[in-house]
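This report concerns only the one structure given below.
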Amino acid sequence: MIHNNYWDERYWQQKSWKYGELLLIWQDTAGDAGLWQLFLPGCGPKNLPSEQQFNPLTCSDKLHWKETAVDELLNRDSILKLPAAKKDIFCSWQRFTTFETDILARLGQVPAGKVISYGALANWAGYPRAARAVGRLMTKNPFPLFYPCHRVIQADGRLGNFGGGTELKRQLLKTEGVLFSPAEKVSPSSRLKKSLKLPSL
DNA sequence: CCGAGGGCTTGTT
DNA sequence: GAACAAGCCCTCG
């Protein structure tokens, strides 16, 4: 058996989704069985080791349970409505800095149908001028859909970039009920209001 | 009411 | 310590 750091105890799986084929990377260690990474259609690595394909018959019970649950979320197209408290059940959280954890935790609380700007998200999580650092974090968001980076837009209402393509970003937002101006900017009424009460981190 | 340009900013690698 | 990035804000024309 070839020892490869990344694929050690990790397994890949493709799942069909409304907007294309997703690639999921599962981690199955004793202490931390869960989703390691999710790639939007067209975003994942190309060469996947066949011996590391996810197998429900040989994985741990814990992982099998999570995989089944995620499968149902995708089939019922309810993944985008997953409440904040349930997101971290599925996702593996061991590898993040405090900044990343803080930002992703806040991001997880942005509900479907609302958007927030990069700067406002940074400020909200306690990093007042870190808009650009947030953008940088979004590029490597390991859990899109779970942690909805498609709901993070530019301060002037333009969409900003998106790993899965800006068209998918627009599509997702429209499906969620976000309103757009004639000039295709997100209308102010769809912004998350500051008054929302949040649990402390 | 745009749009382009420049300077400023952050956390990570 | 330097370079980077899915930003922001202000200034002009």
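One line per residue, one yes/no per condition, for (1) in contact with a Ser or Thr (Cβ under 6 Å, 6 or more places away or on another chain); (2) of a type in the set (S, T, N, Q); (3) assigned by TED's automatic domain parsing to the domain that holds A:Ala133:
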{"residue": "A:Gln27", "(1), (2), (3)": "yes, yes, no"}
{"residue": "A:Asp32", "(1), (2), (3)": "yes, no, no"}
{"residue": "A:Pro41", "(1), (2), (3)": "no, no, no"}
{"residue": "A:Gly44", "(1), (2), (3)": "no, no, no"}
{"residue": "A:Ser50", "(1), (2), (3)": "no, yes, no"}
{"residue": "A:Ser60", "(1), (2), (3)": "no, yes, no"}
{"residue": "A:Lys66", "(1), (2), (3)": "no, no, no"}
{"residue": "A:Ile89", "(1), (2), (3)": "no, no, no"}
request  = Run A:Gln53 past the list (1) among the polar types (S, T, N, Q); (2) in contact with a strand residue (DSSP E or B) (Cβ under 8 Å, 6 or more places away or on another chain); (3) within 16 Å of DNA strand B (Cβ to nearest atom) and report the number of the one that doesn't hold.
outcome  = (3)
Boolean, A:Arg129 is within 13 Å of DNA strand B (Cβ to nearest atom) and over 26 Å from A:Lys18 (Cα atoms) = yes
message = Restricting to segment A:23-38, name every residue that is crowded, with 16+ Cβ neighbours inside 10 Å and without any contact (Cβ under 8 Å) to a residue 60 or more places away in the chain.
response = A:Leu23, A:Leu24, A:Ile25, A:Trp26, A:Asp28, A:Ala33, A:Gly34
query = Which of (1) at pLDDT 95 or above; (2) of a type outside the set (A, V, I, L, M); (3) more than 16 Å from DNA strand C (Cβ to nearest atom); (4) within 15 Å of the chain's Cα centre (by Cα) is the odd one out, the single condition A:Thr98 does not satisfy?
reply = (4)
query = Inside segment A:118-159, can you point out the residues that are polar (S, T, N, Q) and either in a helix (DSSP H, G or I) or in contact with a Lys or Arg (Cβ under 8 Å, 6 or more places away or on another chain) (or both)?
reply = A:Asn123, A:Thr139
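This table checks each residue for (1) among the aliphatic types (A, V, I, L, M); (2) away from DNA strand B (no atom under 15 Å from the Cβ); (3) within 14 Å of the chain's Cα centre (by Cα); (4) crowded, with 21+ Cβ neighbours inside 10 Å.
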residue	(1), (2), (3), (4)
A:Leu121	yes, no, no, yes
A:Thr139	no, no, yes, no
A:Cys149	no, yes, yes, yes
A:Gln154	no, no, no, no
A:Gly157	no, no, no, no
request  = Check A:Leu74 against each of (1) within 13 Å of DNA strand B (Cβ to nearest atom); (2) within 14 Å of the chain's Cα centre (by Cα); (3) surrounded by fewer than 18 Cβ atoms within 10 Å (Cβ to Cβ) and name the one condition it does not meet.
outcome  = (1)
ask   = Across segment A:166-184, what is the number of residues that are modelled with pLDDT of 95 or more and part of a loop (DSSP other than H, G, I, E, B)?
value = 3
task = Could you check, for segment A:61-77, whether at least one of its residues is within 17 Å of A:Cys149 (Cβ to Cβ) and at pLDDT below 95?
result = no
Strands (runs of 3 or more DSSP E) (entirely within segment A:1-82) containing at least 1 residues that are closer than 25 Å to A:Phe96 by Cα, touching a Gly at 6+ places or on another chain (Cβ under 7 Å) and away from DNA strand C (no atom under 16 Å from the Cβ) = A:20-28
task = Pull up segment A:89-101, narrow it to residues that are more than 9 Å from DNA strand B (Cβ to nearest atom) and crowded, with 17+ Cβ neighbours inside 10 Å, then point me to the one that is farthest from A:Asp71 (Cα to Cα).
result = A:Ser92
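The values are calculated or read from the model by the stated rules, or taken from the named source; none is laboratory data. The shown structure was predicted, so the numbers you read here are calculated from the model rather than taken from an experiment. Every residue, glycine among them, receives a Cβ derived from its backbone with ideal geometry; neighbour counts consider all protein chains shown.
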